[in-house]
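The values are calculated or read from the model by the stated rules, or taken from the named source; none is laboratory data. What you are looking at is a predicted structure, and each value in this text was computed from that prediction instead of being measured. Note that we place each Cβ from the backbone using ideal geometry, even for glycine, and neighbour counts take in every protein chain shown.
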């Protein structure tokens, strides 16, 4: 599911009382992810020049998402049950849903899509400017120098630190930098790209927060879920590269 649409669905389910607060928070933790078009088209083909890498990242991205969903299946489950038990059996949760005609639904869909595009585009431009400021002021270089001894110890380029820092701010710019770093083992770049795709970055976090803030849903499960997603996506990518020779791009 594409970024922001998962948050919108969770909020709509909450507003119509079809799901409890805890259930919507569980949905929020694993339903806001990068879409196939971005992962395969932008990351795989445009940045890495390989559709195979795109499909690998998409597959591990989905695996990481499902893993987080399974782990969060018991998130505040007791509270959810108590909420259900406190509701009268005769109460109809569908009573707040109003029937709309096709024209109204189509108009609202287009309006919602345009709003989402403006939000995403605005945040991407904003963080592109912030990243440019960090690069121009030398902050990114300072961070790279600080972690250079650690990178040298593991035998990787110190430029990875700057790319990860950029990716924590905005994933597209970060993955772009990772794909341009020349390493003997390109699999490292791919694994780190899977990690960035999983966590989403601060830009995506603020996009989701701009939607969630209109409801009573907590952003905490989303934060935990995204870091877990990044970890599992990177782990699954590592396993796929080690197990299947077709994904060993170091050969």
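For (1) assigned to a helix (DSSP H, G or I); (2) surrounded by 22 or more Cβ atoms within 10 Å (Cβ to Cβ); (3) under 11 Å from the mean Cα position of the chain (by Cα); (4) at pLDDT below 85, each residue gets a yes or a no:
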site	(1), (2), (3), (4)
203	yes, yes, yes, no
210	yes, no, no, yes
225	yes, yes, yes, no
231	yes, no, no, no
237	yes, yes, no, no
242	yes, no, no, no
246	yes, no, no, no
250	no, no, no, yes
- Which listed residue, of 179, 203, is under 15 Å from residue 168 (Cα atoms) and out of contact with any strand residue (DSSP E or B) (no Cβ under 8 Å at 6 or more places or on another chain): 203
- Message: If the requirement is being part of a helix (DSSP H, G or I) and out of contact with any helix residue (DSSP H, G or I) (no Cβ under 9 Å at 6 or more places or on another chain), which of these qualifies: 140, 144, 136?
- Response: 136
- Query: Could you say whether any residue in the stretch 192-199 is in contact with a helix residue (DSSP H, G or I) (Cβ under 6 Å, 6 or more places away or on another chain) and either modelled with pLDDT under 90 or outside any helix (DSSP H, G or I) (or both)?
  - Reply: no
- Note on the structure: For the stretch 54-71, pairs from a residue that is farther than 23 Å from residue 42 by Cβ to a residue that is modelled with pLDDT under 90, with Cβ under 6 Å and 6 or more apart or across chains, are 69/30
- Message: Of the residues 130, 186, 181, 117, only one is modelled with pLDDT under 80, under 24 Å from the mean Cα position of the chain (by Cα) and closer than 29 Å to residue 49 by Cβ; which?
- Response: 186
- Item | Residue under evaluation residue 118, criteria (1) surrounded by 10 or more Cβ atoms within 10 Å (Cβ to Cβ); (2) more than 26 Å from residue 175 (Cβ to Cβ); (3) out of contact with any helix residue (DSSP H, G or I) (no Cβ under 8 Å at 6 or more places or on another chain), criterion not met | (2)
- Six or more apart or on different chains, Cβ under 7 Å: which pairs go from a residue in the stretch 123-142 that's closer than 16 Å to residue 210 by Cβ to one that's outside any helix (DSSP H, G or I)? Could you list them? 124/170; 127/170
- Of the conditions (1) out of contact with any helix residue (DSSP H, G or I) (no Cβ under 7 Å at 6 or more places or on another chain); (2) not in a helix (DSSP H, G or I), residue 156 clears all except one; give me its number. (1)
